[in-house]
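The structure appears below as structure tokens.
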Amino acid sequence: MSFIEVDNLRKVYRIGNEKVIALDSISLNIEKGEICCILGTSGSGKSTFLNMLAGLEKATKGTVKINGREVTSMTEKELAEFRQETTGFIFQSYNLLASMNAVENVAMPLMFKGVHPLIRNNRAKKMLRAVGLEKRLYHKPTQMSGGQQQRVGIARALISKPPVVFADEPTGNLDTKTTAEVMEIVVRMCRKHNLTLILVTHDNDIAKYADRIVHIVDGKIESDYPNVSIVPPEEKKLTETERILENLNKINDTEENENENQ
Ligand SMILES: Nc1ncnc2c1ncn2[C@@H]1O[C@H](COP(=O)(O)OP(=O)(O)OP(=O)(O)O)[C@@H](O)[C@H]1O
Ligand SMILES: [Mg+2]
């Protein structure tokens, strides 16, 4: 049994007499801890697919099972509980509450779980430190850059270590450098806690962070393959100084070898 099992999933939208087949016979399994990218152009059905997995919309046909539980047959109440217990969301537009500061935004999922304010605020601060925002704890969303807001979004999505994390174009509003930083943080945190990440994007460069790339075209799986060009985190973690030192070491090694050979 796989952690996530999608079987023959179909979603048809009807507007008047018109019919849009947003998802067409999608079947796939995703393993626990896998970082899976759903890659496709605009309108290919990526967000519809995420919404089905999270039970935010009803499927026309087919089933979704997560951790052995059938999402597609849950009642609204069961779905609400399931989402709270099992899932975390990272959105393109951050979706932070404007009136709340970073700590309050991040602590919110724990508030819904009834965690004591002191404990949830401490955990929120810890999460914000983990995403490098220790100096922005009491800033409100409008007082932060896009990249910082998205790091708050990540901290909020991951604070209760949900087994499944959904990210829909999480870096869609960010520049290239900030995109790389945000992706490094999401991937590193999901790996650390063995969380399963379903990452939706149209961008090949973002797909490189995933273990596996599922390409969808017009609501159908076009291809599904392991990612061979995965971004090696070790390489990216080196600071400029570390990189210079490492290169210096390499040069010294070569010189020593050369001396030995003489
Ligand atoms: N509520 C809806 N009613 C009718 N059609 C819809 C609805 N939601 C989505 N669609 C249609 O379903 C198809 C898939 O839409 P979806 O939002 O999943 O695409 P997407 O891959 O997420 O695109 P984007 O990259 O632009 O976000 C599109 O053709 C869209 O017009
Ligand atoms: Mg979308």
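What follows draws every value from the coordinates through simple rules; no lab data is involved. What you are looking at is a predicted structure, and each value in this text was computed from that prediction instead of being measured. Backbone-built Cβ (ideal geometry, glycine too); neighbour counts: all protein chains shown.
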| Once you wrap a convex hull around the alpha carbon atoms of the chain, what is its projected area averaged over all directions, in nm²? | 18.3
| Share of alpha-carbon pairs per 5 Å distance bin for region 33-138, given as whole % | 2, 10, 16, 18, 17, 16, 13, 7, 2, 0
| For helix 117-130, what angle does its Cα long axis make with the longest principal axis of the chain, in degrees from 0 to 90 and rounded to 10? | 50
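Cβ neighbours within 10 Å, averaged per peptide: list 72-78, 160-166 in order, most packed at the top.
With the highest mean Cβ count within 10 Å placed first, the list reads 160-166, 72-78.
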| request: Could you grab the relative contact order for region 179-231? Cα pairs under 8 Å, six or more apart, rounded to a whole percent. | output: 25
| message | Can you tell me, using C-alpha contacts under 8 Å and at least 6 residues apart, the relative contact order of the chain as a whole percent? | response | 25
| said: Using just the Cα positions, wrap region 29-70 in a convex hull and report its mean projected area in square nanometres, one decimal place. | reply: 3.5
| field | Gyration tensor over alpha-carbon atoms, region 77-124, equivalent ellipsoid semi-axes in Å | value | 19, 16, 8
| If you take the charge dipole of the chain about its Cα centre, with +1 on Lys and Arg Cβ and -1 on Asp and Glu Cβ, which of Asn121, Asn8, Pro163 is farthest toward its positive end? | Asn121
| query | Past the 31 Å Cα-Cα mark, which pairs from Lys11/Lys192; Lys58/Lys177; Lys135/Lys192; Lys11/Lys126; Lys19/Lys177; Lys65/Lys192? | reply | Lys11/Lys192; Lys58/Lys177; Lys11/Lys126; Lys19/Lys177
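Mean 1/r over all different Cα pairs, inverted: what Kirkwood radius does region 1-72 give, in Å?
When all Cα pairs of region 1-72 are included, the Kirkwood radius is 12.7 Å.
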